[in-house]
Structure formats: structure tokens, C-alpha cells
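Contents: one structure, followed by commentary.
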Amino acid sequence: MIRLLALRNLTLKPWRTLFLLFGFSMGVAVMIVLLSIGEALLDQSKDEKLVGGGSITVLPEGVDIEVLKTGGLGGLFFSIDHARFVHRQLLAAPRLSDVVTAAAPQIEGKLVYLRTADGRERPVRASADIPSLTAAVGAGPTLVRGAWADDSLDRRWRSPTAVELRNDIDHFHQPPREVAGDPSWAEWHYFNVITPDRRQWAFVSFIVAGAVGDSSGRWGGQLLVTLHEQGRPARRFTSVAPASSVRYSVTDADLRIGDASVTVLPDGRYAVRGNAREDRSGAPLALDLIVSPAPGAYFPGAALTNGVVSGYVVPALRADASGSICVARACTRYDGVQAYHDHNWGVWRGVTWEWGAARAGQYTFLYGRVEPPDSVAAAQPLFVYLVDSSGFLALFRPRRIEYVDARTTTVNGNSIRTPSTARMVDVRGDDTLQISLVIEDASASDTRAGMAERGDALAARRLTRPYFVQMKGVATISGRIRGTPLTGSGAGFFETYR
């Protein structure tokens, strides 16, 4: 009967019948495709190479899963930059303890080459993990024999001591091959301190510059200290040492320039000491400070290689300082005052930047942007890096910083306009941030004079904006992160070019 009805319907209304048959066929085909995709997703969810035993796998944005699994060209050198920072300050941070039980870094099936004693190379697959962390996510192997536990390097990776962390991120660098012998290479430790009333502050730079490492000795070191007092001209003190009197290391953060030194103490604090003389009067200066970084308040670093070789790390974004800075017999003593420390390196010919760091109540933020000499007219977005007492909190990318140049600053008899206020705004999903700066004091240096303040090693830089402006002021933040309102204000230092 059904066949007869179908035949009669096809005879009487052939087009409608064919259309219905086509629709039914398409429905069946779509269902087959969906079932196949579902089965593939289920198989991938059980793939130990992809999951590694945990519930969530963290990968860089844009990585192709199949390329990663098969070890194709795009996955050959796959890595997560600053993986230790991502683990300690994001995935395993106390802030996320309500949603993350455990996190474990793993390398699965990486292609490496094993060279045998007879000189032949064999391609092999290698995997790696940290035993204690892998066990915490329930992905530990079943041991047949032997031990499977963290060694000293595993322990240093997952939970370095304060001094180990400083040495890992704050050590010095050899100039890479592409800039070896370049006289514009410079690397430096930078510190600043400010009194509680914001009336006095100091900038301290330990600079190694020139053709560093060159056997001809065409490089050296300098201790540069500038003392500032509200409404008065800055005083500049320097001490220069030849290459033979400079000691730096690519494995630790300690630095010696003549009798001046930066030393990381066993508890992770910095001992900052040195002697210099004022450029104009010859008055002696004695520097003796202990800088104590706040736990977790650091920026792990960033490096540029696209036409400009440079790097930047902030081991002490929020810190306190105690000690003294004495000029002749007059000493300014510090007891737990606000301090900051960063470390820069690279080739700085023609490079300018926007930079600032400030406390804002319980929060501390860092913002910046490096502009190479051949950068396009449209400036790249800034970054704003925000921390609190638990460490890293958020990252924002404002498109611009809006200055109001209502101040006048004199440089070598020339008057230039410098900022009086500034403002940055960004929205990242449900998170918002606004930063307002009120400038209380500004000083400027002509970078064409050489050895300008923050480490420039060349005299005639030929910048379109040659005046390097350093500012002191008050920063105020507002906004919302993860539903929590942001509010706070405090002292900070900011830099730009004019």
C-alpha cells in the first residue's frame, strides 16, 4: 500500500515529490556529518597528547591543534613565552583558587635529535613535566621501577627563592651577534626613591655602555645619580669606570662599576651602593640603599627584535627603600619609602618611549611603549600592567595617552612645553580602566648631549623629539576588574619625549 501511494503521488505531483525527497536526503546527510564531527571531538577529548591528563590545556592564541599534534613546521618550535610566569601568576595564583584546583606544565612529543657516539643523528620524541605538579592534576605515570620526583631545577622552576627569581630575570646580557660591537649598546640597572611628602626624589642608574665585551675596551660603566627637590634644579652626580673595572654576569643580577655596586642579598633584597661627584661643583655623593621588592609585584620582561634589539624587565615594580644618600656631609635618610627598580638593555640609536610607573593605593601599575626610529606615523598601543598584593591582576592596551602640555621646562637655556596632565582609557570586555596623571614637577635632558639619564650611549641621536622629559606626579586610577571596582591614587614617575 505504501509503495502504491508513493508511486501515485510521484505520478500526480512529481515536482513536489522530488523536492521532498531532496529535503529528506539533505537532512540525512547533515545528520551524518554532525555525528562524524561529534565522534571526532570525542576522540580528541580522550587524546592524551592533547589533554595530558588535566581538564584544561592552555595554548597560545592561533596555534593549530592538528599541527601541534603532528609536529608539523608550525608546531616544531612551539612554546609558551614566560611559561613560569603564566603558571605562577595566572594559572596557579591564589586569586584563581576558586576555579583552578591544580595546574601543570607539560611538553608532549617534541621532536629532538639525538647524536650518538659515532656521530649519527637520530630523530626522537621527547616529553617533559614537573613530577609534583603533574601528579597534582592526576596525570602521573604508573611507576614500575625507580623514583619520579622533582629535582632541584624542577623546584627552582615552580617555586624559586627570592634571590633565584631576581637572578633569573635581572641578569645582564651579552650583545647578540647582529649588534656586537655597536657603540649604541647599553644596559643598566635603574632605581628611584621618593620621600613620603613627595618633595624629594632620586634617580639612580648603573650603566654599562659601548661596544660591550669588545677586546679593545671601547666600553665602560657609569654610575649616574640625579637628585631632585620640588621647585629646584636637579643636581647630577656621575662616576665613570673603564671596562677593566666593570663586572657583570649573564647568570646573576650583581653588577660592579668601579667602587659602585648592585648586589642581590640572600633574602632577595638589593644593596645599592656607590660614590660619585657632582658634575658642576665636584661635591661628593655617597649612596647606600637597601631596596626591598614586594612579593609578586614584578613584570617578567619583554624583548624587541623587529629591527630594534632591546629588552626590559621590572624585578621590583613595588618596593620599599631604606638607607641614605649623602652629599658632602648633608644626608637624606630613607626609612621604608616608596621605591622602584627596572633593568633595560639593547641598542638605543633613535629609539624613544613612553613610560610610567606609580602606586595607586593598594594597586601598582606600569605602562609603556617603545617607538623604533623607523616606526610608522600611527603609534602602537601602550600596555598597562596592573598588580596588587596578590601579584598580577590585569593587562590593558590603551590606544593612546592624551597629554596636555601646559608646563614650561628650561633645558640649556631653551624653553620647551611639557605635560601638566595626562589620561589613558581602555575597555577589555567587562573590565575597564582609566588612569589620570597630574604632573607636579618635570625636568628635561637634551639627548644630543650624550649619556642622557637612562642609559643612552651615543651623543648625536638625531631624534625628531630630542628632549627626554622625566616627570613626577600623582596617578589616580578608576574602573572595574572581574566585577570589583578599582580606586586609588599615589605618587609615580613618568617619561616621554618632546
Filter the stretch 103-132 down to the residues that are free of Cβ contacts under 8 Å to residues at least 40 places away in the same chain and hydrophobic (A, V, I, L, M, F, W, C) and list them by number.
ILE107, VAL112, LEU114, ALA117, VAL124, ALA126, ALA128, ILE130
Could you run through the stretch 125-143 and say how many residues are crowded, with 18+ Cβ neighbours inside 10 Å and among the charged types (D, E, K, R)?
1
Please go through the stretch 56-97 and pick out each residue that is exposed (fewer than 12 other Cβ atoms within 10 Å of the Cβ) and either at pLDDT 85 or above or not in a loop (DSSP other than H, G, I, E, B) (or both).
GLU66, LEU73, PRO94
Looking only at the stretch 398-413, count how many residues are outside any strand (DSSP E or B) and either outside the structural domain of TYR385 (by TED's automatic domain parsing) or free of Cβ contacts under 8 Å to residues at least 24 places away in the same chain (or both).
2
Scan VAL246, VAL212 and give me the residue that is without any contact (Cβ under 8 Å) to a residue 60 or more places away in the chain and touching a Pro at 6+ places or on another chain (Cβ under 7 Å).
VAL212
Scan the stretch 414-428 and give yes if some residue there is of a type in the set (Val, Ile, Thr), in contact with a strand residue (DSSP E or B) (Cβ under 6 Å, 6 or more places away or on another chain), farther than 23 Å from GLY490 by Cα and part of a strand (DSSP E or B), otherwise no.
yes
Quick one: ASP259 ticks every box in (1) surrounded by fewer than 17 Cβ atoms within 10 Å (Cβ to Cβ); (2) at pLDDT below 95 bar one, so which box is it?
(2)
Consider GLY455 against the criteria (1) among the small types (Gly, Ala, Ser); (2) surrounded by fewer than 18 Cβ atoms within 10 Å (Cβ to Cβ); (3) modelled with pLDDT under 90: it satisfies all of them except one. Which criterion is unmet?
(2)
Would you mind stating whether SER390 is over 24 Å from LEU304 (Cα atoms) and in contact with a strand residue (DSSP E or B) (Cβ under 6 Å, 6 or more places away or on another chain)?
no
Within the stretch 396-417, can one find any residue that is surrounded by fewer than 21 Cβ atoms within 10 Å (Cβ to Cβ), at negative phi and under 16 Å from the mean Cα position of the chain (by Cα)?
yes
Do we have GLY138 as more than 29 Å from HIS87 (Cβ to Cβ) and part of a loop (DSSP other than H, G, I, E, B) here?
no
Checking the conditions here, which among ASP279, ASP254 is of a type in the set (Asp, Glu), within 26 Å of PRO295 (Cα to Cα) and in contact with a strand residue (DSSP E or B) (Cβ under 6 Å, 6 or more places away or on another chain)?
ASP254
Pick from VAL337, VAL308, VAL313, VAL272: which is in the same structural domain as GLU178 (by TED's automatic domain parsing), of a type outside the set (Gly, Ala, Ser) and in contact with a helix residue (DSSP H, G or I) (Cβ under 7 Å, 6 or more places away or on another chain)?
VAL313
Keeping to the stretch 193-209, report how many residues are surrounded by fewer than 21 Cβ atoms within 10 Å (Cβ to Cβ) and either in contact with a Pro (Cβ under 8 Å, 6 or more places away or on another chain) or without any contact (Cβ under 8 Å) to a residue 60 or more places away in the chain (or both).
2
With criteria (1) over 30 Å from TYR312 (Cα atoms); (2) touching a Phe, Trp or Tyr at 6+ places or on another chain (Cβ under 9 Å), VAL144 comes up short on (2)
Within the stretch 187-206, can one find any residue that is at pLDDT below 90 and assigned to a loop (DSSP other than H, G, I, E, B)?
no
Positions within the stretch 326-374 being part of a loop (DSSP other than H, G, I, E, B), under 21 Å from the mean Cα position of the chain (by Cα) and under 24 Å from VAL438 (Cβ atoms), in sequence order
GLN362
Would a scan of the stretch 173-185 turn up a residue that is touching a residue at least 40 places away in the same chain (Cβ under 8 Å), assigned by TED's automatic domain parsing to the domain that holds VAL309 and among the hydroxyl-bearing types (Ser, Thr, Tyr)?
yes
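The values are calculated or read from the model by the stated rules, or taken from the named source; none is laboratory data. All values derive from a computational prediction rather than experimental measurement. Cβ: placed from backbone, ideal geometry, glycine included. Neighbour counts: every protein chain shown.
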